[in-house]
Structures are given as C-alpha cells and as structure tokens.
Amino acid sequence: MNDEPLLLTDRFELWRPAAADLPGMCRILADEQTRRYLGPGRADRQAQFDRLMRNAGSWMLHGYGSFAVREKGGTEIVASCGVFHSWRGFGPQLGMDDVPEAGWIVRADHCGRGIAREVMEAVLAWFDREHGPRRIGCMIEEGNTASERLAARLGFVRYGEHETCDGDERALLQLLERLPAATDH
C-alpha cells in the first residue's frame, strides 16, 4: 500500500492503486448484485488483476484514476471510485474513447450509506483542481436507478445510449457527461 491516502473525506481515505489491493477488489466484485449493472464484468482474480493494471496505468499515464476507498483508519477496501482514463471502443461519435470517465462500485455490505456520493464529490473537486474543469464521461446500465440519481446529483446529464453485447448478454448503457459548466453551481 502507498504511504498515505491521496484524499480524505469526512469518513473515508482514498488511496491510489497498489498491488496489495487485488484481494479487496475481488471481494468487491464477488457479490452477484454488485456485478448486476457492470455488463459482462467478471469477479474472477484474472479480471480484477486486469482492472487493477488498467487503473494503475491510468494513474501512471494520465495522473488520475480510481481510488481504493477505505474507512478512516481501516484496511479493507469498501469501494472503488474515481475518474479514470478510458477507451470504450464505441467510436468517436459516442464520446467514450480516450476520455476521463467517472465510475463507482461499492461493496454490497456497504451500499446505502452514501459512500459513492461522498467520495465522488471529493474526487470531482480534486479532479477539477488538479486537471482543470473538463468534460468527463460516464456510463450507467439501464435500470441502475441509484447510480442514475447519483450521476444527476454530481452534474452528469444524459446525451446518448449504446447497446453492448457479450455473447448472449446484452446491456443498454446510458451515456452521460459532466461538462465544465456543470462545476459552476
């Protein structure tokens, strides 16, 4: 683990990714309900290793990424939240390639406690300070009303949709964006 968290909120410490985070990331995604709106996201160790490496790469190449979220003074990861650099491969017209993207995943036994809201408010303020106010994309699978409400509260507005498929699995993604003007409220 890094020496100290990069950000603090009232209740949480936000840490950059570390190799030791892999078991905690696996635990977050172990719950089927947590994965319900993550498209073809898998919980196995290999998939979470790939996620951890992509996140570490986002931090290394762009200076931002998702945070391992721990309760103050705690050691367990209770959420993964942040703004990471993504390339979804949907094509340039959909605005989700080579862009900062916001995302949050909260461990099932910690849902409903306002973690994503508290952390994402701090992350977005930090991102704006460190990287300048700019467009940030976000994707939310249709039906994930809790994340839709949070995205709206954070200043994201819907601008399109995209259907994905992985074998027989199909998902309709709501595409959202937070424009620099959204930070002026």
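The values are calculated or read from the model by the stated rules, or taken from the named source; none is laboratory data. Please read these numbers as outputs of a predicted model, since none were measured by experiment. Heads up, the Cβs are rebuilt from the backbone with ideal geometry, glycines too, and the neighbour counts pull from every protein chain shown.
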| query | Of the numbered conditions (1) touching an Asp or Glu at 6+ places or on another chain (Cβ under 7 Å); (2) surrounded by fewer than 15 Cβ atoms within 10 Å (Cβ to Cβ); (3) modelled with pLDDT under 95, residue 72 satisfies every one except a single condition; which is it? | reply | (3)
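Could we say that residue 71 is of a type in the set (Asp, Glu), under 16 Å from residue 18 (Cβ atoms) and touching a Lys or Arg at 6+ places or on another chain (Cβ under 8 Å) here? I'd like the intermediate steps shown before the answer.
On the way: of a type in the set (Asp, Glu): yes; under 16 Å from residue 18 (Cβ atoms): no; touching a Lys or Arg at 6+ places or on another chain (Cβ under 8 Å): yes.
Criteria not met by residue 71.
For residues that are under 21 Å from residue 7 (Cα atoms) and crowded, with 16+ Cβ neighbours inside 10 Å, scanning just the stretch 122-145, find the one that is farthest from the chain's Cα centre (by Cα).
133
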| Single residue of the stretch 68-88 satisfying the filter (hydrophobic (A, V, I, L, M, F, W, C) and in contact with a Phe, Trp or Tyr (Cβ under 6 Å, 6 or more places away or on another chain)) that is farthest from residue 13 (Cα to Cα) | 83
| field | Looking only at the stretch 146-157, and only at residues there that are touching a residue at least 40 places away in the same chain (Cβ under 8 Å) and either acidic (Asp, Glu) or not in a helix (DSSP H, G or I) (or both), the one that is surrounded by the most Cβ atoms within 10 Å (Cβ to Cβ) | value | 156
